[in-house]
1. May I ask you to list the residues in segment 266-283 that are part of a helix (DSSP H, G or I) and surrounded by fewer than 13 Cβ atoms within 10 Å (Cβ to Cβ)?
2. Consider segment 1-40. How many of its residues are touching a helix residue (DSSP H, G or I) at 6+ places or on another chain (Cβ under 8 Å) and either not assigned by TED's automatic domain parsing to the domain that holds Arg130 or not small (Gly, Ala, Ser) (or both)?
3. Quick one: in segment 14-49, which of the residues that are out of contact with any Lys or Arg (no Cβ under 8 Å at 6 or more places or on another chain) and within 20 Å of Leu113 (Cα to Cα) is modelled with the lowest pLDDT?
4. Scan segment 117-138 and give yes if some residue there is over 26 Å from the mean Cα position of the chain (by Cα) and either farther than 23 Å from Val73 by Cα or among the β-branched types (Val, Ile, Thr) (or both), otherwise no.
5. Which members of segment 102-116 meet the condition of being loosely packed, with under 13 Cβ neighbours inside 10 Å and among the basic types (Lys, Arg)?
6. Being outside any helix (DSSP H, G or I), at pLDDT 90 or above and assigned by TED's automatic domain parsing to the domain that holds His293 is the requirement here; does Asp239 meet it?
7. Of the residues Thr64, Thr6, Thr71, Thr50, which is of a type in the set (Ser, Thr, Tyr), out of contact with any Leu (no Cβ under 7 Å at 6 or more places or on another chain) and without any contact (Cβ under 8 Å) to a residue 12 or more places away in the chain?
8. Under the condition of being of a type in the set (D, E, K, R) and in a helix (DSSP H, G or I), which residue from segment 117-154 is surrounded by the fewest Cβ atoms within 10 Å (Cβ to Cβ)?
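The values are calculated or read from the model by the stated rules, or taken from the named source; none is laboratory data. Keep in mind that this is a model prediction, so the values were computed, not measured. Positions of Cβ are generated from backbone atoms using ideal geometry, with glycine treated the same way; all protein chains shown enter the neighbour counts.
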Amino acid sequence: MNLLVTAGPTREYWDPVRFLSNRSSGKMGYAVAAEAARRGHAVTLVSGPTALLTPGGVTLVRVTTAAEMLTAVRAALPECEVLVMAAAVSDWRPVQCAAEKRKKCGAQPDFELEPTPDILKTVKDLKGARTFVGFAAETDHLLEEAARKLADKGLDLIVANDVTQPDAGFDVDTNRVILLAPDAPPVALPLGSKRAVARELLRWIERARGESIEEPTTELPRAGGARLARQMAFVAEVDKLKQIVRRTWLTDGSRYENDAEHSWHLALMAVLLSEHAPVALDVGRVIRMALVHDLVEIDAGDTYCYD
């Protein structure tokens, strides 16, 4: 299956340095994305600002505001069969964001708020045969609020949790949730890791869509599996970069460099010199781009654009 997962908080800026947000760490959404990829599904992860590492085998789309998340969801949804909306989207945003930092002058701040777009309600008409899953993080009237959102947003399933619990709220590695589906009794899952909750959620989705998934027995790719075979074939293919001789010399002038040396050197420079970039960078993404940017030369050779 192709899954679209959202995760993390959004930020709604009041001025260039201050924003409205919430305590979401993104751990639950990232766990869903990681477990889905482990089970062999194609996963696009739309993430608000977090400090988490991108799960292996997942396509990451970074956003900041609720409006940006809505745009990213709309763009990715046509290619997906399942939407899991695990992000904690800020409910309100300032009507205006000041161009400069607002000064602390002793007066009470005066700014007007407006609701952010409700992403699930906005894309409700695009659902079609897709499976939509939402989350309800509540502090009171948990089942009543979850049931209301389930019906209001036209969901197939909603995952409800009481965020006042210290072992099931924000920024912890465990969760205790209740699964609610239309015309079905609530299913309470025991306290477990967020990865374990994600596993049960993926099992529900697979059953709902009639998917027959062989249960993975390990967190690592199974020996002999198709994915591992493709990975090893890729490793062997990119070894050919060592055979591509460039038209640029080593600094000592002794010989031309090869593509593998060039890509490694460029990636290392990106790490070393990132502090001089005029804007904040995702250095990990820059490194990945540097390491793969010359793969085409395995087939084309070291060819300048003017050739």
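1. Hits for segment 266-283 are Leu268, Met269, Leu272, Leu273, Glu275, His276.
2. Number satisfying all stated conditions: 13.
3. Arg23
4. Keep residues of segment 117-138 that are over 26 Å from the mean Cα position of the chain (by Cα), which gives none.
No.
5. Hits for segment 102-116 are Lys103, Lys104.
6. Numbers: outside any helix (DSSP H, G or I): no; at pLDDT 90 or above: yes; assigned by TED's automatic domain parsing to the domain that holds His293: yes.
The answer is no for Asp239.
7. Values: Thr64 fails: without any contact (Cβ under 8 Å) to a residue 12 or more places away in the chain; Thr6 fails: without any contact (Cβ under 8 Å) to a residue 12 or more places away in the chain; Thr50 fails: without any contact (Cβ under 8 Å) to a residue 12 or more places away in the chain.
Matching residue, one of Thr64, Thr6, Thr71, Thr50: Thr71.
8. Just the residues of segment 117-154 that are of a type in the set (D, E, K, R), to begin with: 118, 121, 124-125, 127, 130, 138, 140, 144-145, 148-149, 152-153.
Applying the additional criterion that residues be in a helix (DSSP H, G or I) yields 121, 124-125, 144-145, 148-149, 152.
On the way: Lys121: 12, Lys124: 14, Asp125: 8, Glu144: 11, Glu145: 16, Arg148: 13, Lys149: 20, Asp152: 13.
In this case the residue turns out to be Asp125.
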